[in-house]
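Notes follow once the structure below has been shown.
Each value in this text was obtained by applying a stated rule to the coordinates, not by laboratory testing. It should be emphasised that the depicted structure is a prediction, and the values quoted were computed from it without experimental measurement. Methodologically, a virtual Cβ is constructed for each residue, glycine included, from the backbone with ideal geometry; neighbour enumeration extends over all protein chains shown.
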Amino acid sequence: MPHDDDLKARFLQIMERHRGTKHAIQVRELAGQLGLGEGHNGQRLVQIVKRELVDEGVLIASSCGKQSGYFLPETSAEVEATLKNYENRLKSLAALIRKTK
């Protein structure tokens, strides 16, 4: 279910203040700033809106490192680190699927 353009615009407005890995914003905090609540439901809505924006071509990176959260990448190294993060998650899920079967 697509979210309204206002929520996406507010999301992007917040993200403008979070450029580069060192300025990543945690999903919980982003949900709170959007007025969605910092709990599980608010965080899930943030993840859905992020996915919709990525589907529309907006590059939103994420980090699981020391400064975890979402950010707008400033360098190709930050994009590569995000891709590596996603690849590692995919490998972990694939292993979990294999073991569960």
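Results for (1) among the aromatic types (Phe, Trp, Tyr); (2) touching a residue at least 12 places away in the same chain (Cβ under 8 Å); (3) touching a strand residue (DSSP E or B) at 6+ places or on another chain (Cβ under 8 Å), shown as yes or no for each residue.
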| residue | (1), (2), (3) |
| --- | --- |
| Phe11 | yes, yes, no |
| Arg19 | no, yes, yes |
| Arg28 | no, yes, no |
| Ser62 | no, yes, yes |
| Gln67 | no, yes, no |
| Glu78 | no, yes, yes |
Check: Restricting the search to the range 20-45, which residues are closer than 18 Å to Pro73 by Cβ and among the hydrophobic types (A, V, I, L, M, F, W, C)?
Finding: Ala24, Ile25, Val27, Leu30
Next item on the list: For the range 59-86, name all the residues that are more than 11 Å from the chain's Cα centre (by Cα) and of a type in the set (A, V, I, L, M).
Entry: Ala77, Val79, Ala81, Leu83
